[in-house]
1. Within the range 342-370, track down each residue that is open to solvent by 90 Å² or more (accessible area, probe 1.4 Å) and among the acidic types (D, E).
2. So, in the range 249-289, exactly how many residues are hydroxyl-bearing (S, T, Y), farther than 17 Å from Y232 by Cβ and either in contact with a Cys (Cβ under 8 Å, 6 or more places away or on another chain) or modelled with pLDDT under 95 (or both)?
3. Given G102, G109, which one is in contact with a Gly (Cβ under 7 Å, 6 or more places away or on another chain) and farther than 22 Å from K324 by Cα?
4. Any residue that is assigned to a loop (DSSP other than H, G, I, E, B), at pLDDT 95 or above and surrounded by 13 or more Cβ atoms within 10 Å (Cβ to Cβ) - is there at least one of those in the range 194-217?
5. Can you pull out the residues in the range 296-341 that are farther than 30 Å from D90 by Cα and either in contact with an Asp or Glu (Cβ under 9 Å, 6 or more places away or on another chain) or open to solvent by 100 Å² or more (accessible area, probe 1.4 Å) (or both)?
6. Can you pull out every residue in the range 4-32 that is under 19 Å from V99 (Cα atoms) and of a type in the set (D, E)?
7. Mind checking which residues of the range 37-60 are farther than 14 Å from K125 by Cα and within 17 Å of the chain's Cα centre (by Cα)?
8. List pairs: first residue in the range 93-110 and among the charged types (D, E, K, R), second residue part of a helix (DSSP H, G or I) anywhere in the structure, Cβ distance under 6 angstrom, at least six positions apart or on different chains.
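The values are calculated or read from the model by the stated rules, or taken from the named source; none is laboratory data. All figures in this text were calculated on a predicted structure; none of them were measured in a lab. FYI the Cβ positions are ideal-geometry reconstructions off the backbone, even for glycines, and counts take in every protein chain you see. Just so you know, the surface numbers come from the protein's heavy atoms only, side chains and all, with ligands and any DNA or RNA stripped out. Shrake-Rupley method; radii C 1.70, N 1.55, O 1.52, S 1.80 Å.
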Amino acid sequence: MYCISVNYKNSDVNIRKKLAFSENVQKEFLTELINGKTVSECVILCTCNRTELYFCGNEDSLNTVQNLLSNYSGIECDLLKKHLYLFYSDKAVMHLFRVVSGIESMVIGEDEILGQIKLAYIMAKDLGMTGYELNMTFQSAMACAKKIKTQTALSKTSVSTATLAGNEIAHFKDKVNVLVMGATGKIGTVLVKNLLSHKNVSVIATSRKHSAESVQTKANITIANYADRYSYMDSADCVVSATASPHYTVTYYDLKKNIKTDKPRLFIDLAVPPDIDGSVAEIKGLKLIGIDYFEKLAKNNNELKLDSVESAKEIIKEESDVLKKDIAFHFFLPHMESVKNKLSENSLEEILYKFKAELPSEEFIKILDAFKSCGEKI
């Protein structure tokens, strides 16, 4: 088994975008590759951060795959080779396990890659492009990824400031009415998307003109005029500001004047420099959280992820070892009868001396231990 990878670690977006083939092009690529006979099985994975080919073949396979990638991407072959990672045999298997588990992702532990690999595998399988080896390898890798997500914190801790803020809001009350200023910015867009994934959260986004219309077309949220923002703050349980404004979006004086209801409120300031006047924290029942809080939380979560990566590597080592034995045994089965006949013609001593002469010491000792174990059970 081989793997060729072009990803965010070794290539910039200008290279990666040329290799981000559409589904129809991927199918055409797989068909042409298999028809070339040098490759017997193949799965192609295309995401925004990586294009990878997992395949089984002969000694000519690498050149065939590289040339075809060059033809389809329009990248000159010698230039393309400078951006390739090559993995073979056990290293190819290990790389797939690491990719599908999220260890190799730009955001460690992200969940999206598992679904992307599942779709890539199903497409290749439906086209008849996979056989025993890739079927076993991909199914084992996906099962391992699910085990890692269950048994470690790799996918249970968030590192995005916007995601962390969204989770903080969703857990503030049973039902949360949120006012978001800066909903169309980089952080605000991710925040709103996260908030709308929580069933207990309703969102009002401010707009200076028509900038929030793009958000409205994508999600069922209320758009309010930015100039009227204070009139929504009394009913809001949570107010978030993530703008690039040079001035405060919320001041103590204006907020105090518009707050009529005495209740717990959460104000979150995700801007640098701050959007919200720090004095608002003096208002009864109001809690103000700034970006420093989330950066510290993200750092702690990253540390948790690093611990989880080590745990994930141990799981991968165990699961990939099981896979390698299953595949090796599968390809040994056709030889089982002839080996049994040959063994019956030779004494145990002759077989053991042959192993002793031909095998490395560690492997020979393992075989002796296995025979001793069998003898003890008998």
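1. Residues satisfying the conditions are E345, E349, E350, E358, E362, E363.
2. Residues in the range 249-289 being hydroxyl-bearing (S, T, Y), farther than 17 Å from Y232 by Cβ and either in contact with a Cys (Cβ under 8 Å, 6 or more places away or on another chain) or modelled with pLDDT under 95 (or both): 0 in total.
3. G109
4. no
5. Hits for the range 296-341 are K296, L297, K299.
6. Matches in the range 4-32: D12 only.
7. C46, T47, C48, N49, R50, T51, E52
8. Close Cβ pairs (under 6 Å, with a partner that is part of a helix (DSSP H, G or I)) amount to E104/R98.
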